[in-house]
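Taking it in order: structure first as structure tokens, then the write-up.
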Amino acid sequence: MEEGSHFKFGDLKVYQKALDFVDLVYVTTQSFPKNELYNLTSQFKRAAVSIALNIAEGQGDSNAQFNRFLQIAMDSVKECVVCSTIAARQNYITRNQDVNIRTKLAELSKMIYSLQKYLKK
């Protein structure tokens, strides 16, 4: 890594997990019907990306500001839960895929919440 190309948020486990989740959503949505490209597929990807973006954007600000960005990330986690639910109900994903996505989202949610609690100390 070149000097000056390192950002502190890259070290956060929650950020790394958020990027892993983005990868999962991109792979999962590849099998969605083409008519969902600008609907559910796009929404799911944007919500997943929003989790990582808000963690990155907030890190380095004041604790109160970071907490605000983490709350937005948490809202995006909830949005992803709904996207997964819709995908499962429409049979775009299997029950196992839905469970896997929800498990990853629960883990992200706990990590974000723990970070929020830490920042409020």
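All of the numbers you see were taken from the coordinates with simple rules; none came from a lab. The model shown is predicted, which means the values in this text are computed figures rather than measured ones. Cβ sites come from the backbone with ideal geometry, for glycine too, and all protein chains shown count toward neighbours.
Segment L37..E107, full-extension length gain: 22.5 nm, with 0.36 nm per residue of separation and the alpha-carbon distance subtracted. The fewest-to-most ranking of K45, K104 by surrounding Cβ atoms within 10 Å reads K45, K104. Going from the fewest other Cβ atoms within 10 Å to the most, the residues I112, I51 appear in the order I112, I51. Within straight-line reach of K110, meaning a Cα separation under 16 Å, sit the following lysines at least 8 residues removed in sequence or on another chain: K13, K17, K78, K120. By the count of neighbouring beta-carbon atoms within 10 Å, fewest first, R95, R46 end up ordered R95, R46.
Between the stretch 6-24 and the stretch 51-97, the alpha-carbon centres lie 13 Å apart. For L19 and A64, the FRET efficiency from 1/(1 + (r/R0)^6), where r spans their Cβ atoms and R0 equals 22 Å, is about 0.30. Dipole magnitude for the chain: about 540 debye, using +1 per Lys or Arg Cβ and -1 per Asp or Glu Cβ, origin at the Cα centre.
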